[in-house]
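To start, the structure under review is shown below, and the notes come after it.
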Amino acid sequence: MARPRINAIAGPILGEFLLGMSVAMAGLWLASYTSDAAAGAFGLANQVLETVFVVFRVLAIGLGVVITQALGGGQPETARRSALVALGAGSWAGLFVVCCVLFGNEAVLELLNAPDAVLPLAAPFLALLAPAILLDAYNLSMAAILRAHLHVRDSLRVMVLMHLTHLLIAVPLMRGVGGWDGFGLNGYALAMLVSRALGLVLHLLLWKSRLGLVPRARDWWTVPLPLLAPVLRIGLPGAAIEAIYRIAFMVSLAATAKLGVAALATHSYTLQILKYVLLVSMAIGWASEIMVGRLVGGGDLRQADVLVRKGVRNGLLASGGFALLVALAAPWLLRGFTHDPAVIAAAQTLLWLSILLETGRVFNLVINGALRATGDAVYPALASVGSLIFVMGLGSFWMGRWFGLPGIWLVYAADEWIRGLLMLARWTRRGWLGHARDTQRRLRSAR
């Protein structure tokens, strides 16, 4: 197998992430233009969405690994049949999440201690986002399948058109045109629905032209269990730990909401800025997972080890350096969201603490995906449970009460480093080798 070019894979993935983050950042800025309460509602609603999206990531994670392993092992027909699972499973998973968002949004927001000024804005906003969520169930999995086939540039083109459409429609719908005041936050949700519909159409066109896949009507509703089983075997542990992460994070969000509207807005502004810091590591992590899956399928385990170590090194340099630059530029960056000096000062403190947070996060972003790609999906989940529950969950509750937002941020950093070092130990001690060899035997027996 040819030496994988991780940068050639990571570059377009980085572009996808950058576009998605930029649209979210623009949405937050447009919301902050209205009020800090609207910004808090936007941030709170997005955190709820990220939590329910865990259901979709079961499919995206599992499909990506299963397909890369099949392609690396020279089994294109297995990869083709596995790709179609994304549609039927996506329909049922999407409808489940939509129902949860439509009928449980107010209850969830109340559990998060949404301030009185935020709740009336966030609840209808979440309800309007529900139809777009169903379309995202398809788009997320279909994009992962394109990337698994190394059509990363095509996936990037879809995301460019989808996100630009979202942004171009969102601006007039949120802020209005002429004498019309616009829909505010709800305009963002309507624009998202249109853009996700466009994304689905473009993905279907690329599936036909690049992969030769033309779904039948039954593919949108049927889920072949023999094909779904290996997807769930890889995807469920990763999604389970992500679900626990989201629950622990929601506890920290509830602790933040207890501190008031200003703290919630500060939390939202800081997290949006930090998403840009972790972009490079996220892209390296996804690229590593794709290439490790192919290398394991092809039997080149030594090259997989070299690739992951290089990914961790590059991620540490990139995230650490970028986090430092963002902390230095914080006073100017934050003025794009708010002119409240107290909010700016608080967010600047959090951004300095984020240098520690983001360097610890690199290990989880890069090594976790690599372990999954070898077939070692259970260890990352089991090794992370304790830190997420006791450090991030309970720790953020108490540290928030004692030290406010800086205390919560220190808890975030501690959790990332604890889990990251456990992942690093697993990889360096070759705990994944047995799983990689089992994967190779399974692929050989399926021929």
Handout entry: Relative contact order [Cα under 8 Å, 6+ residues apart], the chain, whole percent
Key = 23
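On a full-extension model of 0.36 nm per residue, what is the gain between Leu204 and Leu394, subtracting their alpha-carbon distance, rounded to one decimal in nm?
64.0 nm
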Completion exercise
With Cα springs under 10 Å, the Gaussian network model of the chain assigns the largest mean-square fluctuation among Val312, Val52, Val214 to Val214
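Based on the Cβ-Cβ distance from Leu111 to Ala345, what FRET efficiency comes out when R0 is 25 Å, to the nearest 0.05? If you can, show how the numbers build up before the last one.
Numbers: r = 30 Å, r/R0 = 1.19.
Efficiency computed from Cβ-Cβ geometry: 0.25.
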Problem - Derived scalar couplings ³J(HN,Hα) [the stretch 39-54; Karplus, 6.51 cos²θ - 1.76 cosθ + 1.60; whole Hz; x for Gly, Pro] - result: 5, x, 5, 4, x, 5, 5, 5, 5, 5, 4, 4, 5, 6, 5, 4
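Would you mind ranking Tyr276, Tyr269 by Cβ crowding within 10 Å, fewest neighbours first?
In order of increasing Cβ crowding within 10 Å: Tyr276, Tyr269.
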Completion exercise
Hits in the stretch 93-120: amide N under 14 Å from the 7 Å Cα→Cβ extension of Ser35, namely 115-120
Exercise for the section: Would you please report the Å³ per residue occupied by the convex hull of the alpha carbon atoms in the stretch 6-446? Expected result: 126
Handout entry: Rg [Å, one decimal], Dmax [Å, integer] - the stretch 107-205, C-alpha atoms
Key = 16.1, 49
Practice task
Grab the DSSP H runs of the chain that are 4 residues or longer, score each as -39,500 (n - 2.57), total them, divide by all residues and round the 222 nm result to the nearest 500 deg cm²/dmol.
Solution key: -29000 deg cm²/dmol
Problem - Cα centroid of the stretch 329-406 to Cα centroid of the stretch 156-197, whole Å - result: 29
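Computed from the coordinates by the stated procedures, all read-outs in this text should not be read as laboratory data. This structure is a prediction, so every number in the text was calculated from the model and none was measured. We place every Cβ from the backbone using ideal geometry, glycine too, and count neighbours over all the protein chains shown.
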